[in-house]
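Structure first, commentary second.
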Amino acid sequence: MNAPLKTPLPPIAKPRLSAQALLPSAAALGNLFKAGIAPLLGIIAFIGFWSLLAQYSEGLPGPLSTWQAALVLFADPFYDNGPNDMGIGWNILNSLGRVGVGFGLAALVGIPLGFAIGRFTFLAGMLAPIISLLRPVSPLAWLPIGLLVFEAAGPASIWVIFISSIWPIILNTAAGVASVPQDYLNVARVLKLSEFKVLTRILFPAVLPHLMTGIRLAIGVAWLVIVAAEMLTGGIGLGFWVWDEWNNLNVEHILIAIIIVGLVGLALEQILLLIAKRFDYAS
Amino acid sequence: MDKFVELTSVSKHFDTKKGRFQALADVNLSIARGEFVALIGHSGCGKSTVLNLIAGLLDANEGGLICNGREIDGPGPERAVVFQNHSLLPWMTCFGNVHLAVEKVFGARENKAQLKARTEQALNMVGLNHAMHKHPNEISGGMKQRVGIARALAMEPKVLLMDEPFGALDALTRAHLQDELLRIVGQTQSTVVMVTHDVDEAVLLSDRIVMMTNGPAATVGEILAVDLPRPRDRLALANDPQYHAYRTAVLEFLYQRQQRPAA
């Protein structure tokens with residue numbers, strides 16, 4: 001602090017450091033082992049419990065037969081034998097596509113609405129009772145309305161995704177806008193920034209971390225809901241596939257679907273967390 | 001005396017849940033161009049309120065505020081504020097934070113290269129040209145406060161308003177930044193109003209010290225003219241009897257005539 005003009009030290013320690021990075025120490029390896037051992041044990045215990053359960057149950061397939069079925073399934077994920085028999089890859093992509101479209105529309109409507117609610121207390125007061133009333137409604141209850149209005153299964157399931165993922169986006173954006181530190185707004189006032197600059201330079205970056213939380217929750221809900229919605233509407237998608245395999249009494253495939261839904265949900269969450277980290281400014 | 005900033009029987013109250021709180025009553029103060037004025041008083045005496053009134057961030061309930069012959073009506077870049085907690089925007093680099101202000105004030109008249117030069121010059125003045133492209137979370141508290149000062153100075157304000165700018169810093173960093181501020185103000189001949197609760201800081205930096213009575217209904221208790229020659233040197237002043245006389249005068253006001261309110 002006393003000598004702010006001091007030039008940084010020359011990087012003399014660099015070669016030694018890179019050698020260290022190449023050969024991780026025994027302690028680091030030990031830490032990695034310790035960090036990995038608990039999840040690994042958990043998974044092993046889970047599989048053990050599953051195979052035990054499968055042995056004493058009539059219909060439930062064990063881990064091994066499920067694994068073998070999965071190998072067959074993923075050997076050719078993108079085959080196409082007509083609309084009722086397509087590869088697992090197509091089903092996943094179709095579900096993701098619906099989530100993407102429904103969520104995208106929700107973001108398109110929800111983010112500006114959230115900003116407006118956060119900025120104008122009168123509007124917040126107007127919309128608060130409606131949002132509080134509609135938010136706890138199960139997303140699937142909206143499906144008949146979608147079918148009625150759109151007269152088609154595809155748009156109806158996108159509508160369900162839209163309506164279920166819009167609430168976290170609106171509420172988190174509004175909360176973010178309302179909690180922008182007064183200091184930042186005072187800076188804007190002293191500088192007499194235009195409304196547009198306040199929005200782009202101050203409000204939007206300040207709200208972004210909250211917005212990312214909203215998006216993460218919204219995608220999580222959307223992914224939860226899509227499987228259920230597709231079970232009801234049919235078409236190509238994971239939900240339809242689960243229902244179809246139930247009708248075929250192919251329980252291995254249902255178990256595989258559950259794991260896929262879990263893995264895709266996990267991946268979506270991790271990707272969004274990674275993106276969110278980029279916008280998290282510790283001040 | 002040339003009245004550059006003038007407050008005439010200003011009062012301010014806040015409406016709280018417990019009823020009306022009269023923060024300031026009948027505050028009268030004139031500040032000359034190029035003068036360095038410190039506002040000192042116990043915490044809660046409304047010294048920051050006075051500063052925010054001059055900044056235009058708050059509106060007075062009664063009385064008049066004039067800056068450079070014009071009524072103060074809302075905030076504006078000609079009355080730049082250095083905030084207590086630096087208030088840098090964390091998503092912009094130090095350069096970006098200062099540039100935002102420069103762009104706003106000079107953007108209409110100057111080209112991009114000139115704006116960039118202004119920004120760099122301001123950061124240079126506070127000794128931060130090496131940290132220009134760092135984000136606020138990558139630099140120390142003292143450096144953040146320097147960026148805040150650079151941002152305010154870069155606007156070439158008519159009045160520089162500082163709200164306990166060094167309050168959150170450790171003693172050594174604070175002393176260092178006080179010396180820098182003395183040097184910069186000597187160069188720029190800025191008019192400065194600084195809120196502080198540090199007696200040494202007030203005597204070292206100011207031309208006049210405005211001592212405020214305790215709230216509620218706080219007002220200007222006494223004004224002490226600090227007649228020490230400039231440039232001032234911290235070490236030389238440490239043995240200066242005149243400096244100690246000023247210091248004692250402020251301490252007496254704060255601790256004898258204005259007992260500290262029950263904290």
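The values are calculated or read from the model by the stated rules, or taken from the named source; none is laboratory data. Remember, predicted model here, so these are calculated numbers, not experimental data. Reconstructed Cβ throughout: ideal geometry from the backbone, glycine too, with neighbour counts over all protein chains shown. Surface areas here come from the heavy atoms of the whole protein model, side chains and all, with no ligands, DNA or RNA. Shrake-Rupley method; radii C 1.70, N 1.55, O 1.52, S 1.80 Å.
Laid out as a table, the results:
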| item | result |
| --- | --- |
| For chain B, the spread of Cα positions along each principal axis, largest first, Å | 53, 45, 38 |
| Under 25 Å from B:LYS47, Cα to Cα: lysines that are on another chain or at least 8 residues apart | A:LYS192, B:LYS3, B:LYS12, B:LYS17, B:LYS18, B:LYS144, B:LYS158 |
| Accessible area (Å², 1.4 Å probe, nearest 10) - B:ARG257 | 130 |
| Accessible carbon and sulfur surface of chain A relative to its total accessible area, %, 1.4 Å | 72 |
| Sites A:ARG135 and B:LYS17, calculated FRET efficiency, Cβ-Cβ separation with R0 45 Å, nearest 0.05 | 0.90 |
| For region B:86-156: Kirkwood Rh in Å [reciprocal of mean 1/r, alpha carbons] | 11.6 |
| Interface size A-B, as summed buried accessible area [1.4 Å probe, Å², nearest 100] | 2500 |
| Accessible surface, 1.4 Å probe, highest first, among residues A:HIS253, B:HIS42, A:HIS210 | A:HIS210, A:HIS253, B:HIS42 |
| Value of Rg/Rh across chain A [Cα atoms, Kirkwood radius] | 1.09 |
| Pairwise centroid distance, computed over Cα atoms, of region A:71-140 with region B:1-49, Å | 54 |
| Estimated 222 nm signal from helices in the protein assembly as shown, with DSSP H stretches of n ≥ 4 weighted -39500 (n - 2.57), rounded to 500 | -18500 deg cm²/dmol |
| Prolate/oblate/rounded call for region B:44-176, Cα gyration tensor, a/c under 1.5 rounded | oblate |
| Length added when fully stretched, A:LEU32-A:ASP280, from 0.36 nm per residue minus Cα-Cα | 86.6 nm |
| Spatial separation of Cα centroids for region B:217-260 and region A:231-272, in angstrom | 77 |
| Å² per residue, accessible surface of region B:126-258 at 1.4 Å | 41 |
| Reduction of at least 50 Å² in accessible surface, 1.4 Å probe, comparing all protein chains with the chain by itself, residues of region A:173-201 | A:ASP183, A:TYR184, A:VAL187, A:ARG189, A:VAL190, A:LEU191, A:LYS192, A:ARG201 |
| Global geometry of region B:19-79, whether rounded, prolate or oblate, following the gyration tensor of its Cα atoms and the 1.5 cut on a/c | oblate |
